[in-house]
Amino acid sequence: MARIEPLPVGAVPEVAEIFEKVKASGHYIPNSQLILQRKPTILRAVRALSAAVMNPDGEVSLALKRLLAYVVARVHGCHY
């Protein structure tokens, strides 16, 4: 159970476009990002960090990064 309830998609118009693109692509929107709608600047920074980490041009393959993300999420009982 979350300590801070996630906001529904579109609750903060400033970031609604971000989530609409994610939904349109068929991807899952993590609760952490739905919670971070309350702080749009932090939400954008977290998304930028995630994009940088998952950049396929690094030394670690994108496939291995995705596998690691999946395993860590499963170990902690999260959906990925």
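Taking the conditions exactly as written (over 14 Å from the mean Cα position of the chain (by Cα) and of a type in the set (Gly, Ala, Ser)), does residue 73 satisfy them or not? Talk me through it step by step, then tell me what you get.
Values: over 14 Å from the mean Cα position of the chain (by Cα): no; of a type in the set (Gly, Ala, Ser): yes.
No; evaluated as a whole, the condition is false for this residue.
Between a first residue in region 16-45 that is of a type in the set (Asp, Glu) and a second residue that is part of a loop (DSSP other than H, G, I, E, B), which pairs have beta carbons less than 9 Å apart while being 6 or more apart in sequence or on different chains?
Pairs that qualify, where the first residue is of a type in the set (Asp, Glu) and the partner is part of a loop (DSSP other than H, G, I, E, B), are 20/9; 20/10.
Can you find a residue that is surrounded by 14 or more Cβ atoms within 10 Å (Cβ to Cβ), among the aliphatic types (A, V, I, L, M) and part of a loop (DSSP other than H, G, I, E, B) anywhere in region 64-77?
The answer is no, given that none of the residues of region 64-77 is surrounded by 14 or more Cβ atoms within 10 Å (Cβ to Cβ), among the aliphatic types (A, V, I, L, M) and part of a loop (DSSP other than H, G, I, E, B).
A quick yes/no check of all residues on (1) more than 20 Å from residue 73 (Cα to Cα); (2) at pLDDT below 90:
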position: 2; (1), (2): no, yes
position: 7; (1), (2): yes, no
position: 35; (1), (2): no, no
position: 39; (1), (2): yes, no
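For region 1-56, name all the residues that are β-branched (Val, Ile, Thr) and not in a helix (DSSP H, G or I).
Start the filter on region 1-56 by keeping residues that are β-branched (Val, Ile, Thr), which leaves 4, 9, 12, 15, 18, 22, 29, 35, 41-42, 46, 53.
Scanning region 1-56 gives 4, 9, 12, 29.
Name every residue in region 32-63 that is of a type in the set (Val, Ile, Thr), loosely packed, with under 13 Cβ neighbours inside 10 Å and touching a Pro at 6+ places or on another chain (Cβ under 9 Å), in order of residue number.
If the condition is that a residue be of a type in the set (Val, Ile, Thr), loosely packed, with under 13 Cβ neighbours inside 10 Å and touching a Pro at 6+ places or on another chain (Cβ under 9 Å), then no residue fits.
Give the residue, chosen from 15, 22, 9, 53, that is in contact with an Asp or Glu (Cβ under 8 Å, 6 or more places away or on another chain) and not polar (S, T, N, Q).
Working: 15 fails: in contact with an Asp or Glu (Cβ under 8 Å, 6 or more places away or on another chain); 22 fails: in contact with an Asp or Glu (Cβ under 8 Å, 6 or more places away or on another chain); 53 fails: in contact with an Asp or Glu (Cβ under 8 Å, 6 or more places away or on another chain).
Going through 15, 22, 9, 53 in turn, the sole match is 9.
The values are calculated or read from the model by the stated rules, or taken from the named source; none is laboratory data. Owing to the predicted nature of the structure, the values given are computational and were not obtained by experimental measurement. We place every Cβ from the backbone using ideal geometry, glycine too, and count neighbours over all the protein chains shown.
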